[in-house]
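The values are calculated or read from the model by the stated rules, or taken from the named source; none is laboratory data. Values in this document were obtained by computation on a predicted structure and should not be read as measured data. Virtual Cβ from ideal backbone geometry, glycine too; neighbours counted across all protein chains shown. Areas reflect the complete protein model, heavy atoms only, side chains present, ligands, DNA and RNA absent. Shrake-Rupley method; radii C 1.70, N 1.55, O 1.52, S 1.80 Å.
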Amino acid sequence: MAHVCVAVGRSRAAGDRPSLAAGAQQLIHDNGVTYNIYGDSRGLDRPWSLDPIPLAVDEKEWQIIENGLAQRATLLNMILADCYGPQRLMADGLLPPELVLGYPNFLRPCHGVKLARWLHLYAADLGRQPGGGYCVISDRTQAPSGAGYALENRIVLSRALPDIFRACSVQRLAAFFRQMREMLASMAPRRKENPNIVLLTPGPYNETYFEHAYLARYLGYTLVEGADLTVRDGRVFLKTLGGLQPVDVILRRLDDDFCDPLELRSDSSLGVAGLVQAVHLGNVAVVNALGSGLVESAALMPMLPTLCRRLLGEELKLPSAPTWWCGEPSALGYVLDNLRRLVVKPVMPSVNVKPVFGETLSADELQMLQQRIRQRPMDFVAQQQLPLSTAPVLTRGAFEPRHVALRVHLTAAGDGYAGMPGGLARFSATPDTLNVSMQHGGGSKDTWVLTSGPVDTFSLLPITGQSVVVSRSGSDLPSRVAENLFWLGRYVERAESLCRQLRGLLLRVASQGSGEVGPETAALFALLVNADANDPLPLLKHTGINVGGVEELLAITADAAHPGSLAAILTNARSLGAVLRDRLSVDAWRIIHGFDRGLPAQVARRSPQMSDVLTALDNLIVMFAALSGLAAESMTRGFAWRFLDMGRRLERAIETLRLLRCTVVPAGAGQALLLELVLEIADSSMTYRRRYLTDLQPAAVLDLLLQDEGNPRAVAFQLVSLSEHIGKLPRGNSNRRRTAQEQIAIRCLSGVRLADVEAVSEVGSGERRARLDEMLAALMDHVQTLSDAIGQAYLSHAGASHQLGALPPMTNL
């Protein structure tokens, strides 16, 4: 460890160390790495904390750790097989029945399940003892987390310290994930060449959701929630746009009792009803097996040496931290007498019950804890408070000691287990505390296992010679994902439209000074504050729009509490992007994640500088263009791309129709200024100038923005694209009659194509183009009906609906 720190210190002058930490944290931010803490004010945006100084482990020390944990995983697997099978250990008195049968982590519906292996993935938290050796503090057997964070930590540090990383001969992590992927493929009940493997997540509000999405993308699996799966005739299926697809293996990140509301926890909506039955029938493999959380109990630790001798015929290689289960009379007496020096935990790990450090309790609190233990001693375990070793952490440009614990991951490999050469090291928030929890202000380190031999440069790509079934299918898109992509497209398009409108407004306010404003400025106000588009004339005649009104509009626009504001729409887009992490490229995610550096930051203060706001709007518009470019050039033309693009096309059609109603329907003074405005916002000014050398004419503008199927900003272009997308979507049966969605799209497109722009451009009474207004209003209704029809056909079973609200009424106009 010391030579790594020396290398970092020599490679960076003391004054450059803060930039090293800042660089690593910037990569964390750009990659969107988060760790969600329930109740944290930052919600889903709490950034992951990574120290740029790695924790180094030498090769010999790592072999001791890996061998000891492989033995421990084998032992725990055998205990699980016995508890859910013949239960000889309880019959022979080696396991107290109350530790198995009396606790909720023993899943009775899973008793009798025939499995070749119960524990496929295993993790252990290790602490270094004063003598230098490691001991196990806790076992993680349900759905061990941390491997994805360890991988992300490695990617970040290998970029932040590339020269040192190469010089230190650090063992790579990719081989571990290859072994993990091979293990999961081998679990398929029917031994397919390409089994359907899904990663089951509780959803985006789970504290480690980033890791779920990250691993799904890295391993190439479909990320699913419980609602995406269904059990039919004892088999698990994935609900996709193309129909039900059988699932062979479920890599779960869901606790045992949440997995099946029918057999296990009835109040859970996170699992899959009937999953336990499918497992009993052998039609699906679940990793780790349902019920494996039983051996996470720290109460088993004092019994492991005896069980190891009985089941494996050998001594336990890696000791546990000294632990006492209070259900044993002798252990209870010791715990009550030495409570000050111990850490008290519940028998079954729980996120709602935290370990209690005896040394931190007052006399009254200590007495209350003793009473609780005496009342139900079998519910408590106590561990010796280990003086965890320390490691240097870079804080404010200087090295400071922090207590460290190391989480190591293993995967089943053949008849045994293989470890990930590295792990997730966590350190305490201050030098004085022993609590290394991330939830209490701690941070993480990358763990480097050093080797004296050659470094394995394997990459997680298909193995040479491995058979692959060539496929171009895109019909495996879950409906929930389709809905999220659809609404991501709508949110991004609405945000771009708002940015263009705001930019047009600010440019005109800046050029017109503090006097009376022109009709185009009033029209933009009407559009932005959602004034009655059927009758925008009251605002057009208003002359009191001033800088104060602009400031109020900008403040509301930057207020995420208003559902129609730009800030709210960008926040929703970022939230959907986070949910879709496994479906987005790294570049696309970075653009979406960067939305928070746009307009809201510039207008959060009162009286912002107009130049700053205009610069922020320009930057956002460039980001939207970059995202559109990535979608156009990098996404395969499957259902995912189609639903993302359909969302954009629908929203662009609606926004263009709203813009035309507010700017072309009025026909009073200042008509030319209004037409110039609409061309600017629709990004079609250059095209119009190239085509027409005359003054701006309403009919020509309508042709360009309404009927021109070659103009990507025209309504007709959107409807043509929508018709094509809808025609490629799956049909519920073999009937080739046009669907309701196709009929509506054709009706809309036909109406646009047959419109007589010269006739509807004629001015009627009241300085309005009433026929044009009627036509545009009807088109808006049809487009909204089309959106509803798409939702009912493909998205209606998904979760809570999304809404694109409007800005609230203005007061300072």
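Listed residues Ala391, Ala382; which is over 19 Å from Ser138 (Cβ atoms), touching a residue at least 12 places away in the same chain (Cβ under 8 Å), surrounded by 15 or more Cβ atoms within 10 Å (Cβ to Cβ) and among the small types (Gly, Ala, Ser)?
Matching residue, one of Ala391, Ala382: Ala391.
If we keep just the residues of region 248-267 that are open to solvent by 10 Å² or more (accessible area, probe 1.4 Å) and touching a Pro at 6+ places or on another chain (Cβ under 8 Å), which is nearest to Gly282 (Cα to Cα)?
Glu263
Mind counting the residues in region 333-379 that are over 24 Å from Leu300 (Cβ atoms), among the acidic types (Asp, Glu) and in contact (Cβ under 8 Å) with a residue 12 or more places away in the chain?
Of the residues in that region, 1 qualify.
Checking the condition out of contact with any strand residue (DSSP E or B) (no Cβ under 9 Å at 6 or more places or on another chain), crowded, with 16+ Cβ neighbours inside 10 Å and of a type in the set (S, T, N, Q), which residue from Gln784, Gln741, Gln792 passes?
None of the other options fit; the residue is Gln741.
May I ask you to verify whether Leu215 is within 27 Å of Trp48 (Cα to Cα), open to solvent by less than 20 Å² (accessible area, probe 1.4 Å) and in a helix (DSSP H, G or I)?
Here the answer is yes, as Leu215 does meet what is asked.
Answer with yes or no whether Arg178 is surrounded by fewer than 22 Cβ atoms within 10 Å (Cβ to Cβ) and either outside any loop (DSSP other than H, G, I, E, B) or among the small types (Gly, Ala, Ser) (or both).
Spelling it out, Arg178 is indeed surrounded by fewer than 22 Cβ atoms within 10 Å (Cβ to Cβ) and either outside any loop (DSSP other than H, G, I, E, B) or among the small types (Gly, Ala, Ser) (or both).
Starting from region 287-301, take each residue that is touching a residue at least 60 places away in the same chain (Cβ under 8 Å) and list its partners that are of a type in the set (Lys, Arg) and not in a loop (DSSP other than H, G, I, E, B), counting only C-beta distances under 7 angstrom and pairs at least six apart or across chains.
Cβ pairs passing all conditions: Val287/Arg252; Glu296/Arg140; Ala298/Lys345.
Six or more apart or on different chains, Cβ under 8 Å: which pairs go from a residue in region 765-780 that's open to solvent by less than 20 Å² (accessible area, probe 1.4 Å) to one that's among the acidic types (Asp, Glu)? Could you list them?
So the pair list comes out as Arg769/Glu762.
Residue-wise test of (1) under 40 Å from the mean Cα position of the chain (by Cα); (2) under 28 Å from Glu207 (Cβ atoms).
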{"position": "Asn283", "(1), (2)": "yes, no"}
{"position": "Gly291", "(1), (2)": "yes, yes"}
{"position": "Val295", "(1), (2)": "yes, yes"}
{"position": "Ala298", "(1), (2)": "yes, yes"}
{"position": "Pro302", "(1), (2)": "yes, no"}
{"position": "Arg309", "(1), (2)": "no, no"}
{"position": "Pro319", "(1), (2)": "yes, no"}
{"position": "Pro329", "(1), (2)": "no, no"}
{"position": "Tyr334", "(1), (2)": "no, no"}
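Restricting region 394-421 to residues that are among the charged types (D, E, K, R) and in a strand (DSSP E or B), which is surrounded by the fewest Cβ atoms within 10 Å (Cβ to Cβ)?
Among those that are among the charged types (D, E, K, R) and in a strand (DSSP E or B), it is Glu400.
Kindly indicate whether any position in region 240-247 is under 15 Å from Asn196 (Cβ atoms) and buried (at least 20 other Cβ atoms within 10 Å of the Cβ).
Checked against the condition, which is being under 15 Å from Asn196 (Cβ atoms) and buried (at least 20 other Cβ atoms within 10 Å of the Cβ), region 240-247 yields at least one hit.
Looking only at region 601-624, filter to residues that are part of a helix (DSSP H, G or I) and over 17 Å from Leu505 (Cα atoms); which one of those is modelled with the lowest pLDDT?
This residue is Ala601.
I'm trying to understand the selection: among the residues of region 668-697, which are under 20 Å from Ala759 (Cα atoms) and open to solvent by 20 Å² or more (accessible area, probe 1.4 Å)?
Matches in region 668-697: Gly668, Gln671, Ala672, Tyr692, Thr694, Asp695, Leu696, Gln697.
Quick check on region 53-98: of everything there that is small (Gly, Ala, Ser) and in a helix (DSSP H, G or I), which residue is most open to solvent (accessible area, probe 1.4 Å)?
The qualifying residue most open to solvent (accessible area, probe 1.4 Å) is Ala91.
Which fully enclosed helices (runs of 4 or more DSSP H) of region 669-760 have 3 or more residues being more than 43 Å from the chain's Cα centre (by Cα) and modelled with pLDDT under 95?
671-681, 685-691, 698-702, 757-760
Could you pull out the residue among Gly313, Gly327, Gly282, Gly293 that is part of a loop (DSSP other than H, G, I, E, B) and either in contact with an Asp or Glu (Cβ under 7 Å, 6 or more places away or on another chain) or open to solvent by less than 20 Å² (accessible area, probe 1.4 Å) (or both)?
Checking each option against the conditions leaves just Gly327.
Take region 181-211 and flag every residue that is part of a helix (DSSP H, G or I), of a type in the set (A, V, I, L, M, F, W, C) and more than 22 Å from the chain's Cα centre (by Cα).
Passing the criteria: Met183, Leu184, Ala185.
Counting only residues that are of a type in the set (Lys, Arg) and in contact with a helix residue (DSSP H, G or I) (Cβ under 9 Å, 6 or more places away or on another chain), which one in region 165-190 is modelled with the lowest pLDDT?
Arg166
Given (1) at pLDDT 80 or above; (2) surrounded by 14 or more Cβ atoms within 10 Å (Cβ to Cβ), where does Ser452 come up short, assuming only one miss?
Failed condition: (2).
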